[in-house]
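Before anything else, here's the structure in question.
The values are calculated or read from the model by the stated rules, or taken from the named source; none is laboratory data. All of these numbers come straight from a predicted model, not from anything done at the bench. Here the Cβ positions follow ideal geometry from the backbone for every residue, glycine too, while neighbour counts run over all protein chains shown. The accessibility values were calculated without ligands, DNA or RNA, using every heavy atom of the protein model including side chains. Shrake-Rupley method; radii C 1.70, N 1.55, O 1.52, S 1.80 Å.
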Amino acid sequence: MSSWSFIYDGFEPEKEGLREALCTLGNGYFATRGAAAESDADGVHYPGTYLAGGYNRLKTEIAGRVVENEDLVNIPNWLPLKFKLEGSDWFNLSKVKILYYRQKLDMYQGVLHRCIRFEDEKGRICVLRNRRIVSMSDPHLAVQETTLLAENFSGKVEILSALDGKVTNSGVKRYLQLNNQHLVGLLEKELGYDSMLLKVQTSQSEIRIAQGARTKVFVESEEIFPERKLLKERGYIGQKFEVNLNKGQLLRLEKTVSLFTSRDSAISECSLQAEEALYKAGSFQEILEPHAKAWKHLWQQFDIDLFPKDPNQGDRMARVLRLYTFHLLQTTSPHTMDLDVGVPSRGWHGEAYRGHIFWDEIYIFPTLNLRMPEITRSLLMYRFRRLGAARKAAKEAGLKGAMYPWQSGSSGREETQRLHLNPKSGRWLPDNSYLQRHVNSAIAYNIWQYFQITKDLEFLGSYGAEMFFEIARFWASMASWNEKTKRYEINGVMGPDEYHDAYPWSEKPGLNNNAYTNVMASWIWSRALEMISILPQPIFRRLKEKIKLSDEEIKMWSSLAKKMTIIFHDDGIISQFEGYDKLAEFDWDGYREKYGDIQRLDRILEAEGDSTNRYKVSKQADVLMLFYLFSQEELEGIFQNLGYPFDERMKSRNTNYYMQRTSHGSTLSRVVHSWVLVSSQNHQSWQLFSEALESDVADIQGGTTPEGIHLGAMAGTVDILQRAYTGLEARGNMLRFNPILPEELDRLHFHMRYRGHELSITITPSQLTIKDLPTIAGSIDVCIKGKTKTLPAGGNKTITFSL
């Protein structure tokens, strides 16, 4: 089971922030970083807890103007379980001699363990153990158990158990100049002998949050009842007590916590519910058992078995892949289905990007679609509930349809900051990233892909098609006719690259005819027309009337889909945007020699008084996103529909060109580049896949992961195995495979769902086997490298293809 555990030996203060992020425990409802129970936010540790969708807005005067930011709130810290030995200060790792230290994340059961053997300044030796869970069975419960063994002494031990609502949002250094006090204390209450209750409220959004805590005390196996002293102030409540330990005795503390908010369903009031849940909660073991079972069931659906030729490499890869899947499931679990939340790019693991929802769904949803599409559906509903806000934003911009924000939070308004801090120069700069309108294309793409996997006509007819048509409308209103070229254009946007937000010769932000944006718009109009034919006509007629969709608009979509502009330069290179060919080439070798790590060229050049806008450089894939999202066959069809040539070398030519000009300043970049190299440079694809695996475990961006994981990169890396190397694609009412396993990989095995069928997939270099488990679903067609077979209704059949 070594590949199911992530283990850290030895305490390294400079790496603690990374470990805390990677050892976060969550259940889709809330998440708690892997900080020690006795730690404070002190520059080494940051014990944050975050509620899914728990946002609040604060205003700050900065750089001569007042800005308002909406943040994911660091809610009350339920962890505090501190101790001190008689005559000493509260336990602090930095003030004792560490004889042994191990932290282990058990991913199979979702348990975080820590064991420390230490000697204090008086020569007293103790063994401290802690294990904790955030229940995947009951989303409102968490529990931790701490044991302390008095190895060579007898004496008093003082204990403090608390709920701390005086915490602030202080987990991201570059945000520290902004106001960060989001919580207001409402109620601190003792609940009998061993329990207490804290209730707070976010200052602007007025989310009321209640936590109940019960702390039981045992010496050896016997529960004891020491006298307790209540500590109480606004936003904080705790209990202090003393325990006498004899040499060799074991002290055990069990702290159980309940968490409810005013947004929860089927409750009267959150503090009453927290109190009731705490009363009903069992022991650590009683909470652990259903929690572990819930994780077991999730792993049966989500785990991927990979067998590289190098078994040593396989063990580490399996461990990292499971870690990334673990964090995906802690952010978007079955409990997410009952919540009005999106999927944040940095998980519910920290305060980076303020917990906002970007376009990273496009990397995350494929894994959910193929394993538990019900979660995808609930996350798409987050977008549907904010359709009104998107329509309002489009109207205010003088456009039609729905214009979703680049950064979304509670209400669906644009949350992109107007100023951002460059930590290298210390300057606050204008932030034009709100011009990344391609987030709308990502939403439309996700709706279509969800339908391709599930054939969920109820969702499409009730919600998905309405969003899709309004996004098609938005892009139609963005397009303008160029009489000279006899084609439509989209101007004044940013592509996924992010290093280019304006022309170096213009003071106006935005770029013209970004290739990714234009091709995606063309694809959306074509799929919108196809969607009209898919929807049952009574449903389409009602929707058409509801959103006042005219026949003229539909006719215009057909014209737009065939007449969008794509700019080329050199010998068949798709220009990232119009004017790209006029930019200067960059001195890659010189800057690597000067700076070493140049992933964030934008910050480096700005600090020098220069700008990435002047150069042919990319932070991440832009043009190459087209080859990531679409198979060669589908992309060729799009280009042919547009009337542009698309030869067999189009992919390799553009891949080679843009790879030489990319700094990989985003963790998503290596995911895309690994993907697009699968068919042409398989070995290099595997190398980039291996590098992508290191994105968060090695914190390759040098300090960003402690602020929050990169969920898109995590899920995207898993997706390389399940879709890139398998060639898995759902298109045209058919499940398609075109496997190209790297030489380094002997075998892949995983389970997936497709239109009511649960399939067991095994792929080797020479064979693909699909086992269809029993089902009541109808038949499905499967195509493997052009060969089609049918899995009949009822399932329970195995088919094999020779490769």
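Grab the Cα-Cα distance for Glu276 and His749, subtract it from 0.36 nm times how many residues apart they are, and report the gain in nm with one decimal.
Gain in length upon complete extension: 165.9 nm.
Label-point separation (nm) for Ile98 and Ala793, each offset 7 Å from Cα along Cα-to-Cβ?
Distance between label points: 6.3 nm.
Assuming 0.36 nm per residue, please report the length gained on full extension of the stretch Lys229 to Gln537 beyond their Cα-Cα distance.
103.9 nm
Turning to a different aspect of this structure: Using 1/(1 + (r/R0)^6) with R0 = 25 angstrom and r between the beta carbons of Ala698 and Phe307, what's the FRET efficiency to the nearest 0.05?
So the FRET efficiency works out to roughly 0.60.
Helix 373-385: angle to the longest alpha-carbon principal axis of the chain, degrees 0 to 90, nearest 10?
With rounding to tens, the tilt is 80 degrees.
Compute, for His569, the solvent-accessible surface of its heavy atoms (probe 1.4 Å) with the complete set of protein chains present, and express it in square angstrom to the nearest 10.
Number for this one is 10 Å².
Tell me which aspartates and glutamates have Cα within less than 13 Å of Lys582's Cα, excluding those fewer than 8 residues away on the same chain?
Asp570
Could you look at the chain and say what percent of its accessible area is carbon and sulfur, using a 1.4 Å probe and all protein chains?
47
Could you work out how far the C-alpha centroid of region 633-669 sits from that of region 256-324, in angstrom?
Distance between centres, Cα-based: 40 Å.
Find the relative contact order for region 646-803 and round it to a whole percent, using C-alpha pairs within less than 8 Å whose residues are 6+ positions apart.
14
Does region 592-701 come out rounded, prolate or oblate, given a ≥ b ≥ c as the square roots of the eigenvalues of its C-alpha gyration tensor, rounded meaning a/c under 1.5 and, failing that, prolate meaning a/b above b/c?
oblate
So, one more: Would you work out if region 1-63 is rounded, prolate or oblate? Take a ≥ b ≥ c from the square roots of the eigenvalues of the alpha-carbon gyration tensor; rounded if a/c is under 1.5, else prolate when a/b is larger than b/c, oblate otherwise.
Note, shape of region 1-63 comes out oblate.
Got a sec? Charge dipole of the chain, +1 on Cβ for Lys and Arg, -1 for Asp and Glu; which of His710, Ile159, Ala35 is way out at the positive end?
His710
Can you tell me the dipole magnitude for region 169-324 around its Cα centre, using point charges on the Cβ only (Lys, Arg +1; Asp, Glu -1), in Debye to the nearest 20?
That gives region 169-324 a dipole magnitude of about 600 debye.
Which of the three applies to region 757-803, rounded, prolate or oblate, going by the alpha-carbon gyration tensor with a ≥ b ≥ c and a/c under 1.5 meaning rounded?
oblate
Per residue, how many Å² of accessible area does the chain show with a 1.4 Å probe?
37
Right, another one. Any idea what angle helix 361-371 forms with the longest principal axis of the chain, computed on alpha-carbon atoms, 0 to 90 degrees, nearest 10?
Helix 361-371 sits at roughly 80 degrees to that axis.
While we're here: Assuming R0 = 60 Å, can you tell me the calculated FRET efficiency for the pair Glu86 and Lys392, based on Cβ-Cβ distance, to the nearest 0.05?
So the FRET efficiency works out to roughly 0.40.
Moving on to the next point. Considering the zone a paramagnetic label at Leu191 would reach in this model (a point 7 Å from Cα along the Cα-to-Cβ line), which residues of region 143-159 have amide N under 11 Å from it?
Counting only backbone N, you get no residues.
Then there is this: Tell me, in nm to one decimal, what length is gained between His420 and Thr800 on full extension, where the rule is 0.36 nm per residue of separation less the Cα-Cα distance?
131.4 nm
Taking amide hydrogens as modeled 1.01 Å from N in the peptide plane, which residues meet the under 5 Å criterion relative to Leu745, leaving out close sequence neighbours?
Distant-sequence amide H within range of Leu745: Lys309.
Alpha carbon centre of region 755-803 versus region 578-632: separation in Å?
So the separation of the two Cα centres works out to 43 Å.
Another question, then. What value, in deg cm²/dmol to 500, does the helix sum -39500 (n - 2.57) over DSSP H runs of n ≥ 4 give at 222 nm once divided by the residues of the chain?
Mean residue ellipticity at 222 nm (helix-derived): -9500 deg cm²/dmol.
Then there is this: With 24 Å as the limit, write out which pairs from Lys84/Lys122; Lys455/Lys548; Lys59/Lys232; Lys104/Lys619; Lys15/Lys95 have Cα-Cα distances beyond it, or answer none.
The answer is Lys455/Lys548; Lys59/Lys232; Lys104/Lys619.
Would you mind working out the magnitude of the charge dipole of region 51-163 relative to its Cα centre, with +1 at each Lys and Arg C-beta and -1 at each Asp and Glu C-beta, to the nearest 20 Debye?
320
Could you give the size of the charge dipole of region 431-485 about its Cα centre, using +1 on the Cβ of each K and R and -1 on the Cβ of each D and E, expressed in debye and rounded to the nearest 20?
180
Then there is this: Under a 5 Å amide H to amide H cut-off, with H placed in plane at 1.01 Å, what residues pair with Val617 once short-range neighbours are removed?
Sorted by chain and number, the residues that satisfy this come to none at all.
Tilt of helix 438-454 relative to the longest C-alpha principal axis of the chain, in degrees (0 to 90, nearest 10)?
With both axes taken from Cα atoms, the answer is about 90 degrees.
Please turn the phi angles of region 73-90 into ³J(HN,Hα) values with the Karplus equation 6.51 cos²θ - 1.76 cosθ + 1.60 (θ = phi - 60°), one per residue in order, whole Hz, x for glycine and proline.
8, 6, 7, x, 7, 8, 6, x, 9, 9, 8, 8, 7, 3, x, 10, 7, 4
Sorted by average packing, counted as other Cβ atoms within 10 angstrom per residue and highest first, what order do 505-514, 599-608, 530-539 take?
599-608, 505-514, 530-539
Once each part is reduced to its C-alpha centroid, what is the distance from region 673-704 to region 62-93 in angstrom?
Here the two parts' Cα centres lie 35 Å apart.
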